[in-house]
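Quick one: this structure, given as structure tokens, is what I'll be asking you about.
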Amino acid sequence: MSEAPVEKALAYVTHGERLLVFRHVLAPEAGIQVPAGTLRDGEDPAEGALREAQEETGLLGLRLEAWLGTRDYVPPTGGRVNRRHFFHLVCLHRPPERWRHDEVFASEGGEGPIPFECFWVPLPDGVPALAPGHDALLEALCARLGLAGR
């Protein structure tokens, strides 16, 4: 019998026609990512997406707009399947263009604050290659924003 998937939440945070992404300052090999992490026991995926976005970016004033879908992801190194729940969140205030934020309470464990370099990229064509599977529902996000087929 296989193990239950690890439940994850991913947040596509937008401000206008821009997507929020970040890189790990101390682990650039992790790639460019969107806010994401493991759900807490019993946590609603939408609440988890909002929590992860706030913890990893320091941004407040985020509003949950929509659930975009769920995709299973198999890590290339093996291990348990990740069941990823994707959400669209909107930044309600004028954010900085680039900033550094230290995540203090990492859902993946680990020690000390984790520094992230956060920045905005233009949708749809300015999004760099993202960490594996983080781009799974970018097309759905762009369609929702009326940016598909540009």
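The values are calculated or read from the model by the stated rules, or taken from the named source; none is laboratory data. A quick note: this is a predicted structure, and the numbers were derived from the prediction, not measured. Glycine also receives a Cβ, built like all others from the backbone with ideal geometry; neighbour counts cover every protein chain displayed.
Looking at region 105-118, can you tell me whether even one residue there is at pLDDT 95 or above and either over 18 Å from Val25 (Cβ atoms) or basic (Lys, Arg) (or both)?
no
For region 15-39, enumerate the residues that are within 21 Å of Glu139 (Cβ to Cβ) and surrounded by fewer than 20 Cβ atoms within 10 Å (Cβ to Cβ).
His15, Gly16, Glu17, Arg18, Gly31, Ile32, Gln33
In region 27-39, what residues are touching a residue at least 24 places away in the same chain (Cβ under 8 Å) and in a loop (DSSP other than H, G, I, E, B)? Before you say what the answer is, go through the steps one by one.
At the first step, the residues of region 27-39 found to be touching a residue at least 24 places away in the same chain (Cβ under 8 Å) are 30-39.
Within region 27-39, Gly31, Val34, Pro35, Leu39 meet the criteria.
At least 1 residues that are surrounded by 15 or more Cβ atoms within 10 Å (Cβ to Cβ) and touching a Lys or Arg at 6+ places or on another chain (Cβ under 7 Å) in each: list the strands (runs of 3 or more DSSP E) lying fully within region 40-106 that qualify. So that I can check it myself, show each step before the final result.
Values: elements: 62-73, 82-91, 98-103.
It comes to 62-73, 82-91.
In addition: Out of the residues in region 15-47 that are of a type in the set (Asp, Glu) and under 17 Å from Arg83 (Cα atoms), state the one that is farthest from the chain's Cα centre (by Cα).
The qualifying residue farthest from the chain's Cα centre (by Cα) is Asp41.
Here is a further query. From the set of residues in region 55-95 that are more than 13 Å from His134 (Cα to Cα) and of a type in the set (Ser, Thr, Tyr), which is modelled with the highest pLDDT?
Thr57
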